[in-house]
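Working notes, structure below.
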Amino acid sequence: MNYEKYMPPKPIPIKNRTWPSNTLVSAPQWVSVDLRDGNQALEVPMNLEQKIHFFNMLVKIGFKTIEIGFPAASETEYDFTRYIIEHNLIPHDVAIQVLTQSRKHIIDKTLEAVAGAPNVVIHLYNSTSVIQRDVVFGFGRKECIDLAVSGAKMIKDAITADQSKTNWILEYSPESFSATEPDFATEICDAVADIWAPTPDKKVIINLPETVEMASPNYYADQVEYFCQNTRHKDSIIVSVHTHNDRGTAVAASELAMLAGATRVEGTLFGNGERTGNVDIITLAINMMMNGIDPKLDFSEIDELVEQYESATNMHVSERHPWAGKLVFTAFSGSHQDAIKKGIASMKNASDKWQVPYLPIDPKDVGRSYEPIIRINSQSGKGGVTYIMETHFGLYLPKAFQKDFGILCKTQSDHNSCELKPQEIFDLFDAEYVNVVEPYQLITFREETISDKNVYVKVSLQYKNEIYELKGKGNGLLDAFCKALEKNTGNKIEITMYQEHAMQSGSDSAAITYVEISNGNGRKFIGAGISSSVTKSSLRAVVSAMNRMLRETETK
């Protein structure tokens, strides 16, 4: 790759840099530019109906400023602007934002489009970078400033003469700010602000767009802080940022820019926009929530937003997209699954502060359930399998089962090269351990108490289509049952682990019993039984474990 034809950015002449030691403590003013990029950055632009639906969705989320487009650029955007105004779709506390270049006919058309709206941000821009001035427009600094100032004057004259009740808010962007000399960017912004004459009570917006991401996020933060330190109007402007994702660091650039003095952020849902897109406001907002800051936007139904966004834009939200992707709260790794399982369990007795390994936020806060968090494939371990059995089916596997069944699930997934769904995991457990009836099946039993320490039991077992009547005596039902089985099979059967609990669902499955038996030679085998009778579930569990022992013996 020919790296030598590219140039590193020039250092920013900033003094007393403060942003590295600052901390974010509150959310910025959020501005959605989805509807503008819904036309200029989509292969198939949104139609009127889609834009209306999207606008209503943005309002519901909580945006108080929504850039709805460039109404002088196309009839679709003009018609949309008029529609939401004439149909009273704009809440009284929401401002619509419209883009305009510094040309009289465009400014006039823009003001015509927004007539009658309650709150309007007029967003004036022109390109200011060296390459734009030299290559595209063929003029110098003075001509560039003159163009911006002339647009500012036209807008000021128009809104001064306006007799409506519209609340006008003025915004200026030196487009390609990220590639503009810091001193010139400050100079042209101040020249526009001089025309608009802002005050601390009536501020104007100076938006500093990273139109193309040119360097690392710290460099952009330096550019923003340089402007904040050197503008003449620092007490009378709102510093806004608008980052793009060409280098993949738009989120970081916006976060550092806020540390550098920006209090307003323009962006889109899921990062839609030109080239690699704009900054993703969802990611930014949830990042803030994760650090205990109220984001002032509601993304508590993230799956619904994904569905509506994909429908309107024909774009796809990646499975690994921060906070919104289908797999971002999912663990396949066995060690991760075990840590998550233990972390969630510990939260039951912990403070109200969220602390779970590998889950920086509670999935419920974005409308996700815990069910998809742990999924099972060949990389998974016993912790993940145990979590699935607990959360989906209410089965609390003893440690002996956890290890054995975890290995079985890994083997099954590896053999079939697939993920195991929860129901497939349960079915595998059921087939392998529960009520195993080959070669022996429990038909009936009758218990008789001889004394406090002795129980007598009669058992009917089926073996290869034959019914056998067995008898046994022991110091309890299970001991007597095991002795009856020993007489018939000739195998030592000693219970080394017993556990039972009520089932959470199932009309005829009131209880499950887990047992581990020893064959007297150091080998142990596990089995489970389910029945509406705890006694019967216990005996079935013993038979299941014995059958699994005999199955292994026969295999060998």
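The values are calculated or read from the model by the stated rules, or taken from the named source; none is laboratory data. No experiment lies behind these values; they were computed from the predicted model shown. Ideal geometry is used to build each Cβ from the backbone, glycine not excepted, and the neighbour counts take in all protein chains shown.
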Leu58 meets each of (1) aliphatic (A, V, I, L, M); (2) farther than 30 Å from Ile293 by Cα; (3) in contact (Cβ under 8 Å) with a residue 24 or more places away in the chain with one exception, condition (2)
List pairs: first residue in region 153-174 and closer than 13 Å to Val98 by Cα, second residue hydroxyl-bearing (Ser, Thr, Tyr) anywhere in the structure, Cβ distance under 6 angstrom, at least six positions apart or on different chains. Ser173/Tyr125
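Identify, from the list Ala262, Ala257, the residue that is modelled with pLDDT of 95 or more, crowded, with 24+ Cβ neighbours inside 10 Å and closer than 27 Å to Ser150 by Cα.
Details: Ala257 fails: closer than 27 Å to Ser150 by Cα.
Only one candidate qualifies: Ala262.
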In region 104-136, how many are part of a loop (DSSP other than H, G, I, E, B), modelled with pLDDT of 95 or more and either touching a strand residue (DSSP E or B) at 6+ places or on another chain (Cβ under 9 Å) or under 23 Å from Pro209 (Cβ atoms) (or both)? 4
Go through region 305-350 and count every residue that is more than 12 Å from the chain's Cα centre (by Cα) and either assigned to a helix (DSSP H, G or I) or of a type in the set (Gly, Ala, Ser) (or both). 24
Answer yes or no: is there a residue in region 104-124 that is out of contact with any Asp or Glu (no Cβ under 8 Å at 6 or more places or on another chain), of a type in the set (Gly, Ala, Ser), surrounded by fewer than 17 Cβ atoms within 10 Å (Cβ to Cβ) and not assigned by TED's automatic domain parsing to the domain that holds Arg264. no
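Okay, residues lined up against (1) under 14 Å from Met546 (Cβ atoms); (2) loosely packed, with under 14 Cβ neighbours inside 10 Å; (3) of a type in the set (A, V, I, L, M); (4) modelled with pLDDT under 90:
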{"site": "Gln441", "(1), (2), (3), (4)": "yes, no, no, no"}
{"site": "Asn454", "(1), (2), (3), (4)": "no, no, no, yes"}
{"site": "Asn465", "(1), (2), (3), (4)": "no, yes, no, yes"}
{"site": "Lys487", "(1), (2), (3), (4)": "yes, yes, no, yes"}
{"site": "Met503", "(1), (2), (3), (4)": "no, no, yes, yes"}
{"site": "Asp508", "(1), (2), (3), (4)": "no, yes, no, yes"}
{"site": "Val515", "(1), (2), (3), (4)": "yes, no, yes, no"}
{"site": "Asn521", "(1), (2), (3), (4)": "no, yes, no, yes"}
{"site": "Ile526", "(1), (2), (3), (4)": "yes, no, yes, no"}
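Say whether the condition of being touching a Ser or Thr at 6+ places or on another chain (Cβ under 6 Å), at negative phi and of a type outside the set (A, V, I, L, M, F, W, C) is met by at least one residue in region 297-319.
Here is the first cut: in region 297-319, the residues touching a Ser or Thr at 6+ places or on another chain (Cβ under 6 Å) are none.
No, because not a single residue in region 297-319 is touching a Ser or Thr at 6+ places or on another chain (Cβ under 6 Å), at negative phi and of a type outside the set (A, V, I, L, M, F, W, C).
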Return yes or no: is Ile84 assigned to a strand (DSSP E or B) and either under 34 Å from the mean Cα position of the chain (by Cα) or among the acidic types (Asp, Glu) (or both)? no
Out of curiosity, is Gly273 in a loop (DSSP other than H, G, I, E, B) and without any contact (Cβ under 8 Å) to a residue 60 or more places away in the chain? no
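State which residue is modelled with the highest pLDDT when the search covers only region 59-80 and only residues that are assigned to a helix (DSSP H, G or I) and buried (at least 22 other Cβ atoms within 10 Å of the Cβ). Please lay out each step first, then the result.
Filtering region 59-80 for residues assigned to a helix (DSSP H, G or I) gives 59-61, 75-80.
Then drop every residue that is not buried (at least 22 other Cβ atoms within 10 Å of the Cβ), which leaves 77, 80.
Numbers: Glu77: 90, Phe80: 94.
Out of the qualifying residues, it is Phe80.
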For Met46, the lone unmet condition from (1) more than 18 Å from Ser254 (Cα to Cα); (2) modelled with pLDDT of 90 or more; (3) surrounded by fewer than 20 Cβ atoms within 10 Å (Cβ to Cβ); (4) among the aliphatic types (A, V, I, L, M) is (3)
What single numbered condition from (1) closer than 20 Å to Phe55 by Cβ; (2) surrounded by fewer than 24 Cβ atoms within 10 Å (Cβ to Cβ); (3) of a type in the set (S, T, N, Q) fails to hold for Asn245? (1)
Checking Val136 against (1) within 36 Å of the chain's Cα centre (by Cα); (2) over 20 Å from Val33 (Cβ atoms); (3) not hydroxyl-bearing (Ser, Thr, Tyr), which test does it fail? (1)
If you take the residues in region 1-41 that are in the same structural domain as Thr81 (by TED's automatic domain parsing) and at pLDDT below 90, which one is surrounded by the most Cβ atoms within 10 Å (Cβ to Cβ)? Gly38
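Here's the yes/no breakdown for (1) within 30 Å of Thr186 (Cβ to Cβ); (2) in the same structural domain as Asn39 (by TED's automatic domain parsing); (3) among the hydrophobic types (A, V, I, L, M, F, W, C):
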{"position": "His244", "(1), (2), (3)": "yes, yes, no"}
{"position": "Val251", "(1), (2), (3)": "yes, yes, yes"}
{"position": "Thr263", "(1), (2), (3)": "yes, yes, no"}
{"position": "Gly273", "(1), (2), (3)": "yes, yes, no"}
{"position": "Asn278", "(1), (2), (3)": "yes, yes, no"}
{"position": "Ile281", "(1), (2), (3)": "yes, yes, yes"}
{"position": "Ile286", "(1), (2), (3)": "no, yes, yes"}
{"position": "Phe299", "(1), (2), (3)": "no, yes, yes"}
{"position": "Gln308", "(1), (2), (3)": "no, yes, no"}
Counting only residues in region 362-378 that are at pLDDT 85 or above and touching a Phe, Trp or Tyr at 6+ places or on another chain (Cβ under 7 Å), the one surrounded by the most Cβ atoms within 10 Å (Cβ to Cβ) is identified as Arg368
Anything in region 391-424 that is at pLDDT 85 or above and hydrophobic (A, V, I, L, M, F, W, C)? List them, or say none. Phe393, Leu395, Leu397, Ala400, Phe401, Phe405, Ile407, Leu408, Cys409
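Within the group Lys51, Lys15, which residue is closer than 28 Å to Gln229 by Cα, touching a helix residue (DSSP H, G or I) at 6+ places or on another chain (Cβ under 8 Å) and charged (D, E, K, R)? Steps first, please.
Numbers: Lys51 fails: closer than 28 Å to Gln229 by Cα.
Residue meeting the stated conditions: Lys15.
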What's the number of the condition Asn435 fails, among (1) in contact with a helix residue (DSSP H, G or I) (Cβ under 7 Å, 6 or more places away or on another chain); (2) in the same structural domain as Ser544 (by TED's automatic domain parsing)? (2)
